[in-house]
Structures are given as C-alpha cells and as structure tokens.
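Before any comments, here is the structure.
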C-alpha cells in the first residue's frame, strides 16, 4: 500500500500543472474582457521541464509591457510624418491590472521543435487563445535558438536565449516581434525586402523596431505601421492584420509588390512548393492544405492538435 501511495505521489508531481503552480494572483485562463476592442494579451509560458520564476505574479511582465509601450510612444512621436505618439492596446482585467495568463505545457522542452512556436501555436489555438481581435504575446521562460519569433496572431520572447540577457535589448526585440504580429514588414514599404525586414539590416533602434518608413510612408496601396488597429489612439484609417494575412482579405492594399507576392504564394502552394509569405509576415494560425485545395487555411482543432503534437523532426 505504501509503495502504491509513493507511486501516486510521483505521478501527480510529474504532471505539467501540479499543485506548486497554483499561486495567489495567478490566472490559468484569459480573464473576462473589459473591452471588445483589439488588444494584446500577455502570457507567461513554461514547458513541463522549466522552473517557475513567477514572472506573471512578481510584476516583471508588467514592467516589460510598460517598457515596450514607453519605446513605442517615444519612437512613434518622433518618427517623421507620424500623427503623434501612440501606444499598443493591452488586455486588462476588471480590477485594472494587466491580464497575464500562466501556461505550463504538458511537454518537456526536448519534445518540442527548436523553433518552439512551430508546436506552441497549435497549443494556443486548442486552448482558446485564438480570438482574431487579439495578439497573444508570450514571455516564454525557455531555451531557444531564437531571441524572439512571431507572426500575425502571436509572438514570443524566449527569455533563456543569450540575446535576452540584456533586458533593454530584449524589450526592443519585443517591439520588433510585435510588428511582425501586425503583419509587417510589408514588402511594399520602401527599403523592405521579401523576408519582412529592412534590406539595410537592423543597425539602428528605429530599423530594429520597424519605425521610419515601416511606420509612416506615402506609398499608395501599402499598409503603414501607425494604422494598425492595435495602436491607440486608433487611426482614422486602421488595418486589421488578421484579415489581411490570415484571411487573405487585403481590400485596398493592392500595391503591385503585394499582389505579385500573393500571386506567387498561390502558384507555389498549388504546385506543391512551400511558401508562407504573401507580402509581409506569415499568419501563425493557418496551415497549408497540401492534400486538398492547395491553399493556406485557418486552423481547425484537428490541424492545431496535429501541429502541437508534431514530431520536432518532421517540421
């Protein structure tokens, strides 16, 4: 009997969310919204093998979020031609505090792809983090070959990456990844290449964080950063990155470079060649319907489960 009891205890404490994860002030689900506006929702994520450093309840993520918006306010205000200072819209709880969700995956880090978002995106979708009016921004307390990675719908900072040891640099990279979640950098932006980055590199803070021409320009038929629906004050002519990239509803954004890349993507996919770019960053919640229509389609639960549970070597 004693042996059976010990086995049960060991089993319980091998589960990904065990009793020690239950802590005052911690939330395991997105809390009820106080606004139906577009907003960025923050997550603190661990794998089953990672130590809980309590960043969701010790104020550190709130500090990061404040620093992100301080940079956005500073650079949006001083970017030539901008409409003025702006900040990102965040998801808050009814008590006025930043809404931060705690997630512990049921897989160890070694069971996930080296580019962990390849699996993690499926987990988010399956667990209800798939509101098309939200960007899910994760501070992942895990190892990764990347400092950060993102696309439309979600982005992550990997806190144990060597490039994130300097917190100020990490916050700048977070702004960079949020811009990818906004769909940028769009190929029609002056100086932007087909891989959604400036051709001249990221040798200045403005280029690294996609200000300058990525934020304000006068190119007809091309989205500009300051018009994202996730910024406040809201633009008089806002764009929704989910509609553009995930739903392929580009509307008036018909710049010839965008049209050319969308046509190329459609042609490549139907020919059996992988191509996830349609003019900006890719959508994190879509998949290639390779054995069906030959197009990019929005996740369903079956496909999301397949992505989360996919063998890391199969990506």
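Scanning the stretch 177-189 finds no residues that are over 23 Å from residue 85 (Cβ atoms), assigned to a loop (DSSP other than H, G, I, E, B), in contact with a strand residue (DSSP E or B) (Cβ under 8 Å, 6 or more places away or on another chain) and at pLDDT 95 or above.
Have a look at 69, 127, 119 and point out the one that is within 24 Å of residue 196 (Cα to Cα) and touching a strand residue (DSSP E or B) at 6+ places or on another chain (Cβ under 9 Å). It would help to see each step written out before you state the result.
Working: 127 fails: within 24 Å of residue 196 (Cα to Cα); 119 fails: touching a strand residue (DSSP E or B) at 6+ places or on another chain (Cβ under 9 Å).
The match here is 69.
Taking residue 244 as the residue in question, decide whether it is within 19 Å of the chain's Cα centre (by Cα) and not in a strand (DSSP E or B).
So residue 244 passes the test.
In the set (1) closer than 30 Å to residue 311 by Cβ; (2) within 17 Å of the chain's Cα centre (by Cα), residue 112 fails one condition alone, (2). Here is a list: 280, 225. Which entry is closer than 27 Å to residue 87 by Cα, surrounded by 15 or more Cβ atoms within 10 Å (Cβ to Cβ) and touching a residue at least 60 places away in the same chain (Cβ under 8 Å)? Just a single option satisfies the conditions, and that option is 280. Would it be correct to say that residue 78 is in contact with a strand residue (DSSP E or B) (Cβ under 6 Å, 6 or more places away or on another chain) and either modelled with pLDDT of 95 or more or surrounded by 14 or more Cβ atoms within 10 Å (Cβ to Cβ) (or both)? Judged against the criteria, residue 78 is not a match. The set of residues in the stretch 291-315 that are in contact with a helix residue (DSSP H, G or I) (Cβ under 8 Å, 6 or more places away or on another chain), over 23 Å from residue 270 (Cβ atoms) and assigned to a helix (DSSP H, G or I) comprises 301, 304, 305, 308, 312.
So which residues in the stretch 60-119 are free of Cβ contacts under 8 Å to residues at least 60 places away in the same chain and assigned to a strand (DSSP E or B), if there are any at all? Hits for the stretch 60-119 are 90, 92, 98. Of all residues in the stretch 132-160, those satisfying the criterion of being in contact with a strand residue (DSSP E or B) (Cβ under 8 Å, 6 or more places away or on another chain) and assigned to a loop (DSSP other than H, G, I, E, B) are 133, 141, 142, 143, 144, 146, 147, 153, 159.
Condition check ((1) at pLDDT below 95; (2) within 18 Å of residue 176 (Cβ to Cβ); (3) touching a helix residue (DSSP H, G or I) at 6+ places or on another chain (Cβ under 9 Å)) across all residues:
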residue	(1), (2), (3)
19	yes, no, yes
26	no, no, no
33	no, no, no
67	no, yes, yes
83	no, no, yes
88	no, yes, yes
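Note on the stretch 120-154: residues that are in contact (Cβ under 8 Å) with a residue 40 or more places away in the chain and in contact with a helix residue (DSSP H, G or I) (Cβ under 7 Å, 6 or more places away or on another chain) amount to 17.
The values are calculated or read from the model by the stated rules, or taken from the named source; none is laboratory data. Just so you know, these numbers come straight off a predicted model, no measurement behind them. Reconstructed Cβ throughout: ideal geometry from the backbone, glycine too, with neighbour counts over all protein chains shown.
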